[in-house]
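Structure record follows, encoded as structure tokens.
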Amino acid sequence: MLKKLFNSSIGRKIAMALSGIFLIVFLTQHFLINITSVFSDSLFNWLSHFMGTNPLVQFVLQPILIAGVLFHFVMGFVLDYQNRKARPVSYAVFSGSKNSLMVSRYMILSGAVILSFLGLHFYDFWIPEMEYKYIEFKPDDPNRYHHELVEKFQDPTKVVFYCISFVFLALHLVHGLASSTQSLGTSNRYSSLIKKISYSFGIFIPLGFCFIAIYHFLSH
Amino acid sequence: MKIWRQKNSKEKGKIVNYEIDEISEDMSFLEMMDVLNEKIVLDGGDPVAFDHDCREGICGSCSMFINGEPHGPDRGVTTCQLHMRKFKDGDTIYIEPFRSRAFPIIKDLVVDRTAFDRIQQAGGYISINTSGNTLDANTIPVEKENADKAFDAATCIGCGACVATCKNSSAMLFVSAKVSQFALLPQGKVEATDRVLNMVKQMDLEGFGNCTNTGACHVECPKGISLDYIAKLNTEYAKASLKK
């Protein structure tokens with residue numbers, strides 16, 4: 001039943017939408033935790049320590065998240081490959097800009113930039129965290145997180161790269177959120193409202209992440 | 001004009017340049033093509049092959065990709081309803097066939113769109129008793145809103161502009177219209193589950209690409225088929241898959 005569903009083009013589209021919405025939920029909670037670093041060191045440390053030590057988060061939610069990220073990226077590239085195969089000879093003239101938004105036509109490009117950003121982000125935060133806890137077995141320090149975060153954003157090149165990546169994240173989100181609701185069958189009756197929500201969310205969250213990176217760079 | 005010329009499905013094609021003048025702005029695009037072909041024939045050449053039939057926007061035969069858009073720069077019209085007043089004197093016009101792996105080129109601008117026929121044959125119909133005991137369709141009440149939506153979906157002429165303009169060559173708008181026009185009516189609900197499963201299966205077998213909701217298909221559709229039907233197709237298909 002489910003195998004049949006996800007073996008079809010519509011099933012894969014629904015799976016992409018569901019994994020995308022799952023990642024949007026994760027991104028929202030990530031932002032809500034990170035923004036606390038701007039106004040309260042102690043609250044940020046407490047939240048980070050909770051997320052970093054809670055067994056449910058560490059051993060259930062974290063693997064689900066990694067699986068969700070991998071699925072979304074792998075499926076995105078597989079679908080793009082299939083789509084390219086569906087038109088073996090390109091048009092000499094193709095006026096895509098007359099009938100669709102550029103962000104909707106270049107989701108694979110914005111996705112690839114986000115993927116390369118994730119590589120850097122994992123190298124910066126996730127891998128050192130895993131080393132700290134599960135390889136070096138360093139002593140538990142609930143007050144280290146804010147200091148570590150600020151330290152990462154002292155390199156201007158990194159701040160610029162992060163901000164560029166957030167621009168691509170915004171481009172991906174403004175189409176991605178509206179598109180995922182369409183894939184899940186939302187009526188066009190709500191499309192205007194959904195577009196407004198997509199644009200607001202897609203611009204606000206990446207802008208917020210940019211603000212956090214720049215704030216820590218400038219204030220320390 | 002820069003027109004795609006290809007002798008047959010096997011040989012490679014190329015863009016060939018033609019110049020044409022004294023074209024009235026009141027001519028339809030196909031009339032201009034007729035004039036061009038007359039000129040080519042008088043010069044001893046092979047006329048440009050292109051599909052056409054009713055020339056009034058109903059049959060869905062004409063299938064040219066003009067200046068980067070199916071059916072040209074006008075909205076809500078087929079190529080046969082496009083007029084030369086939409087172009088300026090001295091313009092260069094690119095004319096290509098609808099391009100998709102599922103629509104192989106037969107000759108020049110003529111493509112094989114029987115993939116759409118096979119999708120229709122897979123379930124785009126309602127089975128009825130034709131032995132003389134057929135129930136008059138008008139005896140079954142249909143909610144006005146659903147009747148209107150079913151009618152709108154049924155206006156799809158199956159021209160293939162949606163596939164041609166989609167960057168992924170997806171046939172989702174066509175299939176969604178054909179599924180919805182029946183799924184919205186009481187007569188169509190009996191076979192709704194098998195219909196959507198079989199039509200989508202056939203669509204995937206034909207080698208069309210995946211829908212990424214760019215919305216280009218709706219903009220370029222000569223009948224303005226709504227993206228709402230794609231959303232309906234998605235839910236119909238998900239429900240049917242969970243049932244079977």
Practice prompt. Check off (1) at the interface with chain A (Cβ under 7 Å from one of its Cβ atoms); (2) open to solvent by 20 Å² or more (accessible area, probe 1.4 Å) for residue B:215 and give me the number that stays unchecked.
Written response: (2)
Worksheet item: Does residue B:115 count as within 21 Å of the chain's Cα centre (by Cα), at negative phi and small (Gly, Ala, Ser)?
Response: yes
Item to complete: Could you look through the stretch A:58-72, keep only residues that are free of Cβ contacts under 8 Å to residues at least 24 places away in the same chain and within 16 Å of the chain's Cα centre (by Cα), and pick out the one that is surrounded by the most Cβ atoms within 10 Å (Cβ to Cβ)?
Response: A:62
Response to the item:
Subset of the stretch B:1-20, residues surrounded by 14 or more Cβ atoms within 10 Å (Cβ to Cβ) and in contact (Cβ under 8 Å) with a residue 40 or more places away in the chain, comes to B:1, B:2, B:3, B:4, B:5, B:6, B:13, B:15
Worksheet, complete the sentence: Only one of B:58, B:66, B:23 is open to solvent by 30 Å² or more (accessible area, probe 1.4 Å), closer than 19 Å to residue B:164 by Cα and among the hydrophobic types (A, V, I, L, M, F, W, C), namely B:58
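I'd like to verify a number: residues in the stretch B:102-123 that are in a loop (DSSP other than H, G, I, E, B), within 20 Å of residue B:176 (Cα to Cα), in contact (Cβ under 8 Å) with a residue 60 or more places away in the chain and not hydrophobic (A, V, I, L, M, F, W, C), how many? Write out each step before concluding.
Of the residues in the stretch B:102-123, the ones in a loop (DSSP other than H, G, I, E, B) are B:102, B:104, B:108-109, B:112-113, B:122-123.
Subset that is within 20 Å of residue B:176 (Cα to Cα): B:102, B:113, B:122-123.
With in contact (Cβ under 8 Å) with a residue 60 or more places away in the chain added as a condition, the list becomes B:102, B:122-123.
With not hydrophobic (A, V, I, L, M, F, W, C) added as a condition, the list becomes B:123.
So the answer is 1.
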Worksheet item: Can you tell which of A:217, A:211, A:168 is more than 14 Å from chain B (Cβ to nearest Cβ), more than 19 Å from residue B:215 (Cα to Cα) and open to solvent by 80 Å² or more (accessible area, probe 1.4 Å)?
Response: A:211
Worksheet item: What residue, of B:128, B:140, is in contact with a helix residue (DSSP H, G or I) (Cβ under 6 Å, 6 or more places away or on another chain) and either within 28 Å of residue A:79 (Cα to Cα) or free of Cβ contacts under 8 Å to residues at least 60 places away in the same chain (or both)?
Response: B:140
Fill in: Every residue from the stretch B:218-228 that is at the interface with another protein chain (Cβ under 9 Å from one of its Cβ atoms) and crowded, with 24+ Cβ neighbours inside 10 Å
B:220
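Within the stretch A:100-119, count every residue that is assigned to a helix (DSSP H, G or I) and open to solvent by 50 Å² or more (accessible area, probe 1.4 Å).
4
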Fill in: Residues that are more than 7 Å from chain A (Cβ to nearest Cβ) and either in contact (Cβ under 8 Å) with a residue 60 or more places away in the chain or surrounded by 21 or more Cβ atoms within 10 Å (Cβ to Cβ) (or both), drawn from the stretch B:234-244
B:236, B:240
Response to the item:
Of the residues in the stretch B:124-159, those that are within 24 Å of residue B:114 (Cα to Cα) and outside any loop (DSSP other than H, G, I, E, B) come to B:150, B:151, B:152, B:153, B:154
Worksheet entry | Residue ID - farthest from residue B:197 (Cα to Cα), chosen from residues in the stretch B:105-123 that are out of contact with any helix residue (DSSP H, G or I) (no Cβ under 9 Å at 6 or more places or on another chain) and open to solvent by 10 Å² or more (accessible area, probe 1.4 Å) | B:107
Practice prompt. Of the numbered conditions (1) open to solvent by 60 Å² or more (accessible area, probe 1.4 Å); (2) free of Cβ contacts under 8 Å to residues at least 24 places away in the same chain; (3) not β-branched (Val, Ile, Thr), residue A:47 fails exactly one; give the number of that condition.
Written response: (1)
Worksheet item: Of the residues that sit in the stretch A:171-189 and are small (Gly, Ala, Ser) and without any contact (Cβ under 8 Å) to a residue 12 or more places away in the chain, which one is farthest from the other protein chains (Cβ to nearest Cβ)?
Response: A:187
Worksheet item: For the stretch B:38-53, does any single residue satisfy the condition of being over 20 Å from residue B:4 (Cβ atoms) and either open to solvent by less than 10 Å² (accessible area, probe 1.4 Å) or under 17 Å from the mean Cα position of the chain (by Cα) (or both)?
Response: yes
Discussion item. Regarding the stretch A:30-41, can at least one residue be identified that is within 14 Å of chain B (Cβ to nearest Cβ), open to solvent by less than 40 Å² (accessible area, probe 1.4 Å), out of contact with any strand residue (DSSP E or B) (no Cβ under 7 Å at 6 or more places or on another chain) and under 30 Å from residue A:132 (Cα atoms)?
Written reply: no
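The values are calculated or read from the model by the stated rules, or taken from the named source; none is laboratory data. Treat the numbers as computed from the prediction; the structure is a model and nothing was measured. All Cβ positions, even for glycine, are placed from backbone atoms using ideal geometry, and neighbour counts span all protein chains on display. Just the protein is used for accessible areas: all its heavy atoms, side chains included, with ligands, DNA and RNA removed. Shrake-Rupley method; radii C 1.70, N 1.55, O 1.52, S 1.80 Å.
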